[in-house]
Amino acid sequence: MTHTIQPNNPETTPAPDATDIPAAPAHTPAPASSVVPPALKRRIPKYSDLAPLMQFKKPEFSKEARLKRASTIWELRDIAKRRTPQAPFDYTDGAAEEEITLRRARQAFLDIEFRPGILRNVSAIDLSTEILGRPSRLPVGIAPTGFTRMMQSEGEYAGSQAAEAAGIPYTLSTMGTASIEDVAAAAPNGRNWFQLYLWTDRDRSLELIERAANAGNDTLMVTVDTAVAGARLRDVRNGMTIPPALTVKTVLDASYRPAWWFNFLTHEPLTFASLSRYTGTVADLINSMFDPTLTFEDLDWLRETWKGKLVVKGIQTAEDARRVVDHGADGVVLSNHGGRQLDRAPIPFHLLPEVKQAFTADNTDAAIMLDTGIMSGADIVAALALGADFTLIGRAYLYGLMAGGRAGVDRTLQILEKDMARTMALLGVSKISELTPDHVRLLNR
C-alpha cells in the first residue's frame, strides 16, 4: 500500500485548534547544565589555601642569577648591550654597509621548516661528532674573533677555557688580543686552532705559523675574504679605534657602564697575537697589514709549510670550495665573514647544499663547516641536516662574553647544547649521523 506524505507548507497547513495546545506547567525546572558544581561556588579563602601560593623569592642581582635568567642567545645579547659601551658592542653586533648580508643570513635560518619523525626512541641524545680527525663533544666550535678583550676584559682566555670545558675547538684570531702562547697555557687541555691572515710580509706570517705549531695548535684556518677591509659603517660613526679613545662621547657612555671601564683600565693593555701594540682604526690596520695579492699559489705555499690540518675560511661559491680542496685544504668554512666584508654576499646556509653536492660528486672527504647567522641550537641542527659537518659561532659567543665574561660564554654553550638536544629529540633523531636533508625544508619567501 502506498502512503502519500504531504509537504509541510505553512501556507496550506491549517492552524491547530486552540484546544489542541497543551497548557504550560505551573513551574518549569532549570536545565541540569545550570547546576553550579561545589568547586565553583564562591567562598572566602582560608589561610591554609593561600600559604602555599605565597612564596615570595628574594630578588637576585648577581652575575650568575642574571645569566641564568637568559634562555636564548638574544637575551644574552640584551644583557651585553646594557653592559658594554656602544663602540665595542657595535663592532661585534654590526656588519658592512647596509648590513643586508647579516639580516639575510639570520633570515635564512628562520625560513626553514623542520620535518620531524615520530615513534623513535629519543631517550638519550648524543651530540658528539668528529671534526678534522678528532672528536668534539658538540658539533660547534668558537670562531676566530679579533680584538676580543676589547669586548670584555677576559676575552680570548674566557673563550678558550669555556671551549676546553665544553670539549669543543677554540680558534684564536691573528687579530686576537692575547698571544698564541698565553691562550694555549690558559687552556692546556683544550683543542686550539689558529686563524691566519696572510700578511704582505711573508716572514711575519711564517713566524706566526711556527708559533702556532709550537704551542700545540693542530689546525690552521686561513681566512681569504679580507683582501681589503669592509665598510663597517657603525665603526665609522662611532669613531672606533684600537684601543678605544677616551673622547667626550666615550666618557659619557662609560658613565652608564662603569664595570666595563673599570675592567678595561685595571687590566693589561690590549696586546695582540700578531703584534705587540697598535693605535688606529680597524680598517687602517687591515689595509696596512693584509695582502691583497693572494692567489691559489699562496695556498700551495701554506700547504707545504703547515703540517697539521689546513682549513680555508671565507668560501662563498661551490667552485672555490672545490679549488681550495684541490690545493690541499682539509676543510672549508662557508662564511661571508659574518656579513662584515661584502654586503649582499652569498649566504652560507643557502650555499651549503650546493657545496655538499659538489664534494659528494668529487668523492672528497674534506670537512664542510659553516658560520654566519647562527643564534640557536636549532640553527646548528638545520645546518647539520643540510650537510654541514660542523659549525662555528662568533657573535653568539661574544654576546655571552660581554654579558658575563667566562660565565657568559659557558651560558652561551649551555643554551646551544640544550637547544640542540631538544630539537633533535623533537625531530626523532638521537645522534647527529641520523640527520638528513629530509628533516629540513627551505621555505620560499
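The values are calculated or read from the model by the stated rules, or taken from the named source; none is laboratory data. The structure presented is a predicted model; accordingly, all values stated were derived computationally and were not measured. With ideal geometry, Cβ positions are generated from the backbone for all residues, glycine too; neighbour counts draw on all protein chains shown. SASA here: full protein model, heavy atoms, side chains in, ligands and nucleic acids out. Shrake-Rupley method; radii C 1.70, N 1.55, O 1.52, S 1.80 Å.
Among the residues of segment 124-147, write down those that are under 16 Å from L413 (Cβ atoms) and touching a helix residue (DSSP H, G or I) at 6+ places or on another chain (Cβ under 8 Å).
I125, L127, S128, T129, R137, L138, P139, V140, G141, I142, A143, T145
Looking only at segment 345-377, which residues are free of Cβ contacts under 8 Å to residues at least 60 places away in the same chain and over 17 Å from K313 (Cβ atoms)?
Filtering segment 345-377 down to residues free of Cβ contacts under 8 Å to residues at least 60 places away in the same chain leaves 346, 351-352, 354-366, 368, 370, 377.
The answer is E354, K356, Q357, A358, T360, A361, D362, N363, T364, D365, G377.
Working only within segment 149-200, note down all residues that are of a type in the set (F, W, Y) and at pLDDT 95 or above. Steps first, answer last, please.
So in segment 149-200, the residues of a type in the set (F, W, Y) come out as 157, 170, 193-194, 197, 199.
Listed by number, the residues that qualify are Y157, Y170, W193, F194.
Restricting attention to segment 396-433, which residues are open to solvent by 30 Å² or more (accessible area, probe 1.4 Å), among the charged types (D, E, K, R) and in a helix (DSSP H, G or I)?
Result: R406, D410, R411, E417, K418, R422.
Might you check whether a residue that is among the hydroxyl-bearing types (S, T, Y), out of contact with any strand residue (DSSP E or B) (no Cβ under 7 Å at 6 or more places or on another chain) and modelled with pLDDT of 95 or more occurs anywhere in segment 128-140?
Step one: list which residues in segment 128-140 are among the hydroxyl-bearing types (S, T, Y), which gives 128-129, 136.
Subset that is out of contact with any strand residue (DSSP E or B) (no Cβ under 7 Å at 6 or more places or on another chain): none.
So far as segment 128-140 goes, no, none of its residues is among the hydroxyl-bearing types (S, T, Y), out of contact with any strand residue (DSSP E or B) (no Cβ under 7 Å at 6 or more places or on another chain) and modelled with pLDDT of 95 or more.
A quick yes/no check of all residues on (1) touching a residue at least 12 places away in the same chain (Cβ under 8 Å); (2) not hydroxyl-bearing (S, T, Y):
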| residue | (1), (2) |
| --- | --- |
| S34 | no, no |
| K41 | no, yes |
| A65 | no, yes |
| R69 | no, yes |
| I73 | yes, yes |
| R77 | yes, yes |
| P85 | yes, yes |
| D93 | yes, yes |
| T101 | yes, no |
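Do any helices (runs of 4 or more DSSP H) lying entirely in segment 126-220 carry at least 2 residues that are open to solvent by 10 Å² or more (accessible area, probe 1.4 Å), and which ones are they?
Values: elements: 148-151, 155-166, 180-186, 202-214.
In segment 126-220, the matching helices (runs of 4 or more DSSP H) lie at 155-166, 180-186, 202-214.
Which members of segment 382-391 meet the condition of being in contact with a Leu (Cβ under 7 Å, 6 or more places away or on another chain) and either farther than 22 Å from S71 by Cα or not in a helix (DSSP H, G or I) (or both)? So that I can check it myself, show each step before the final result.
To start, the set of residues in segment 382-391 that are in contact with a Leu (Cβ under 7 Å, 6 or more places away or on another chain) comprises 383-388, 391.
L384, A385, L386, G387, A388, T391 - these are the residues of segment 382-391 that are in contact with a Leu (Cβ under 7 Å, 6 or more places away or on another chain) and either farther than 22 Å from S71 by Cα or not in a helix (DSSP H, G or I) (or both).
Among the residues of segment 53-102, what is the count of those that are open to solvent by less than 80 Å² (accessible area, probe 1.4 Å) and in a helix (DSSP H, G or I)?
Adding up the residues that qualify gives 21.
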